[in-house]
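Everything below concerns the one structure shown next.
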């Protein structure tokens with residue numbers, strides 16, 4: 001059988017989302033961002049919201065998300081994406097408005113904007129990539145860096161006496177009256193990817209149905225920042241991240 | 001129908017004028033002496049009439065980023081604050097300038113530095129006219145000196161902001177925000193429809209219609225060659241604004257031998273000082289910059305030719321005087337007079353300053 005005989009429309013079982021363009025991603029091999037970008041693109045397309053989606057990209061590795069998904073984008077200042085999204089959604093209620101933020105952006109410099117947007121019950125969805133490190137700036141300590149974990153700014157390991165404890169923003173979000181759906185997922189296995197996609201879909205649908213705020217945390221790897229191979233990073237995440245950041249729904253008002 | 005004259009505070013005039021001129025949204029945070037802007041909007045409930053969104057943000061930082069978000073979709077939005085709060089907004093203002101978004105920022109100035117005082121001041125002149133945040137950028141800065149101008153400058157600021165895709169600022173001191181005067185509010189202008197916004201702002205990120213490229217609002221560009229070109233583009237726009245949008249008012253300058261340069265409440269004090277001085281036989285005139293940026297350099301240079309001295313009257317330690325000196329080609333005597341920390345000078349002090357500093 002030749003290649004030409006195989007590549008036919010009737011044989012297609014999978015295709016790339018039309019929203020994902022052909023720009024080469026700047027992410028390191030093994031990074032979780034690429035997978036989550038794909039899921040966001042697929043969900044928007046499957047919901048038929050291509051013309052109504054407005055994404056807010058953060059400051060951090062995902063700042064250039066606007067280069068990969070062909071929808072309208074706003075690039076927010078560090079941590080301010082939930083405020084940016086709040087205003088857009090209030091002024092354009094029929095648009096799908098979501099933010100995509102890392103741990104430094106969402107759980108450190110943007111803590112106030114995150115908590116208050118969620119607490120107001122803004123009809124937005126927040127995708128929160130938690131890889132326990134500042135990736136873009138070269139691997140510094142994040143608010144979610146685990147105790148004992150080594151980074152460029154805690155080279156001897158995170159010490160609670162010096163740095164305090166890793167912040168569980170998703171647990172905090174679940175306590176807020178304005179949130180309707182708060183969940184923690186990962187994308188390190190095919191099964192996990194499927195579950196994460198369902199979570200993103202639910203969060204996006206909630207925002208369009210006026211149910212309030214949704215937060216989807218994706219516990220992720222940063223193999224470059226963690227200085228591990230992609231496979232080793234996945235294993236390390238399972239053994240170290242998941243016990244502190246357990247996967248599953250924290251809140252579902254449905 | 002006769003125009004309706006209403007007695008109100010300057011801050012109220014801003015809020016009521018914004019509703020009437022078709023503003024889509026306001027995002028603010030309480031701070032004295034500007035809180036009446038948010039209070040008036042909350043009382044007026046424009047979301048029930050024009051559909052305008054009003055939201056009390058969790059901070060000035062959040063409020064300016066809400067403005068950034070909404071402005072990037074082509075909506076006509078504004079925020080207001082007072083000096084310490086406007087300092088907090090500077091990062092967002094820099095992003096708005098960098099992304100070339102139209103919006104209005106109102107600063108009802110109070111005395112600083114730091115938490116300072118809640119009394120009036122003009123000590124944010126440098127911050128407003130020279131940049132304020134990081135990077136090379138300019139705001140179009142309008143300086144009202146009456147409640148009527150507070151009302152009138154809202155739509156003017158929005159018009160200029162959209163014309164040039166640039167943030168505009170109304171810079172008023174606490175006197176102008178708090179004092180009550182009679183004013184006529186602008187006529188109602190309906191909010192733009194979605195179709196009108198998309199037609200007016202084809203660059204805006206409000207949902208990618210089929211057939212067009214994604215609209216991406218960002219101030220980020222890591223390639224220095226492209227980033228320099230962006231800066232060159234911004235500077236060319238600023239030169240265009242300088243050429244077209246200088247506004248100022250001349251009062252009794254024709255026969256004047258001494259010139260007061262003042263804006264905002266100081267211009268009002270200056271007008272009374274002119275009256276007192278002229279009763280004493282001293283011919284004084286006033287040049288009131290209405291746009292602080294672009295600054296009326298040429299007008300001041302032109303007027304200086306028949307003056308014996310210039311007094312720059314400001315509620316600060318001497319900020320606008322630097323621009324007045326930049327304007328002058330000759331070494332005509334140019335002095336500053338002003339009070340700081342929330343003190344407002346009385347007109348006699350100004351006349352004394354002319355005698356002491358310019359006539360001796």
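The values are calculated or read from the model by the stated rules, or taken from the named source; none is laboratory data. Since we're looking at a predicted model, the values are computed, not measured. Neighbour counts run over all protein chains shown; Cβ positions are idealised from the backbone, glycine included.
Need the failing condition index for residue B:264 against (1) under 21 Å from the mean Cα position of the chain (by Cα); (2) modelled with pLDDT under 95, just the number.
Condition not satisfied by residue B:264: (2).
One residue is enough: does segment B:248-266 have a residue meeting the conditions touching a residue at least 40 places away in the same chain (Cβ under 8 Å), more than 14 Å from chain A (Cβ to nearest Cβ) and under 30 Å from residue A:88 (Cα atoms)?
The answer is no, given that none of the residues of segment B:248-266 is touching a residue at least 40 places away in the same chain (Cβ under 8 Å), more than 14 Å from chain A (Cβ to nearest Cβ) and under 30 Å from residue A:88 (Cα atoms).
Table: residues versus (1) farther than 11 Å from residue A:215 by Cα; (2) in contact (Cβ under 8 Å) with a residue 60 or more places away in the chain.
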{"site": "A:100", "(1), (2)": "no, yes"}
{"site": "A:110", "(1), (2)": "yes, no"}
{"site": "A:131", "(1), (2)": "yes, yes"}
{"site": "A:135", "(1), (2)": "yes, yes"}
{"site": "A:152", "(1), (2)": "yes, no"}
{"site": "A:155", "(1), (2)": "yes, no"}
{"site": "A:159", "(1), (2)": "yes, no"}
{"site": "A:164", "(1), (2)": "yes, no"}
{"site": "A:174", "(1), (2)": "no, yes"}
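Only residues that are in contact (Cβ under 8 Å) with a residue 60 or more places away in the chain and touching a strand residue (DSSP E or B) at 6+ places or on another chain (Cβ under 7 Å): list them for segment B:33-63, please.
Let us first name the residues in segment B:33-63 that are in contact (Cβ under 8 Å) with a residue 60 or more places away in the chain, namely B:33-34, B:36-37, B:50-52.
Correct list: B:33, B:34, B:36, B:37, B:52.
Quick one: residue B:67 ticks every box in (1) touching a strand residue (DSSP E or B) at 6+ places or on another chain (Cβ under 7 Å); (2) within 14 Å of chain A (Cβ to nearest Cβ); (3) not in a helix (DSSP H, G or I) except a single one, so which number is it?
(3)
Of the residues A:45, A:122, A:50, which is more than 9 Å from chain B (Cβ to nearest Cβ), in a loop (DSSP other than H, G, I, E, B) and touching a residue at least 24 places away in the same chain (Cβ under 8 Å)?
Among A:45, A:122, A:50, only A:122 is more than 9 Å from chain B (Cβ to nearest Cβ), in a loop (DSSP other than H, G, I, E, B) and touching a residue at least 24 places away in the same chain (Cβ under 8 Å).
The conditions are (1) over 16 Å from the mean Cα position of the chain (by Cα); (2) over 16 Å from residue B:218 (Cβ atoms), and residue B:95 fails exactly one of them. Which is it?
The single condition residue B:95 does not satisfy is (2).
Looking at segment A:77-114 only, could you name the residues that are more than 17 Å from residue A:59 (Cα to Cα), part of a helix (DSSP H, G or I) and within 8 Å of another protein chain (Cβ to nearest Cβ)?
Going residue by residue through segment A:77-114, those that are more than 17 Å from residue A:59 (Cα to Cα) are A:86-97.
Pick out the ones that are also part of a helix (DSSP H, G or I) and you get A:86-91.
Those that are more than 17 Å from residue A:59 (Cα to Cα), part of a helix (DSSP H, G or I) and within 8 Å of another protein chain (Cβ to nearest Cβ): A:86, A:87, A:88, A:90, A:91.
For residue A:87, are the conditions met, namely being closer than 28 Å to residue B:101 by Cβ and touching a helix residue (DSSP H, G or I) at 6+ places or on another chain (Cβ under 7 Å)?
Spelling it out, residue A:87 is indeed closer than 28 Å to residue B:101 by Cβ and touching a helix residue (DSSP H, G or I) at 6+ places or on another chain (Cβ under 7 Å).
Restricting attention to segment A:56-76, report how many residues are at the interface with chain B (Cβ under 7 Å from one of its Cβ atoms) and either buried (at least 24 other Cβ atoms within 10 Å of the Cβ) or in contact with a strand residue (DSSP E or B) (Cβ under 7 Å, 6 or more places away or on another chain) (or both).
Total meeting the criteria: 8.
Hey, among B:241, B:232, which residue is part of a helix (DSSP H, G or I) and either touching a strand residue (DSSP E or B) at 6+ places or on another chain (Cβ under 8 Å) or within 14 Å of chain A (Cβ to nearest Cβ) (or both)?
Residue meeting the stated conditions: B:241.
Answer yes if at least one residue in segment B:93-103 is within 14 Å of chain A (Cβ to nearest Cβ), part of a strand (DSSP E or B) and in contact with a helix residue (DSSP H, G or I) (Cβ under 8 Å, 6 or more places away or on another chain), and no otherwise.
For segment B:93-103, residues within 14 Å of chain A (Cβ to nearest Cβ), part of a strand (DSSP E or B) and in contact with a helix residue (DSSP H, G or I) (Cβ under 8 Å, 6 or more places away or on another chain): present.
Taking only pairs six or more apart or across chains, which ones have beta-carbon atoms under 7 Å, a first residue in segment B:197-217 that is more than 8 Å from every other protein chain (Cβ to nearest Cβ) and in contact (Cβ under 8 Å) with a residue 24 or more places away in the chain, and a second residue that is outside any helix (DSSP H, G or I) and surrounded by fewer than 20 Cβ atoms within 10 Å (Cβ to Cβ)?
B:200/B:192
Please tell me if residue B:60 is farther than 27 Å from residue B:208 by Cβ, out of contact with any helix residue (DSSP H, G or I) (no Cβ under 8 Å at 6 or more places or on another chain) and more than 7 Å from chain A (Cβ to nearest Cβ).
No, not satisfied.
Name the residue, out of B:106, B:77, B:154, B:86, that is within 14 Å of another protein chain (Cβ to nearest Cβ), surrounded by 24 or more Cβ atoms within 10 Å (Cβ to Cβ) and under 29 Å from residue A:90 (Cβ atoms). If you could, list the steps in order and put the result at the bottom.
Working: B:106 fails: within 14 Å of another protein chain (Cβ to nearest Cβ); B:154 fails: within 14 Å of another protein chain (Cβ to nearest Cβ); B:86 fails: within 14 Å of another protein chain (Cβ to nearest Cβ).
Among B:106, B:77, B:154, B:86, only B:77 is within 14 Å of another protein chain (Cβ to nearest Cβ), surrounded by 24 or more Cβ atoms within 10 Å (Cβ to Cβ) and under 29 Å from residue A:90 (Cβ atoms).
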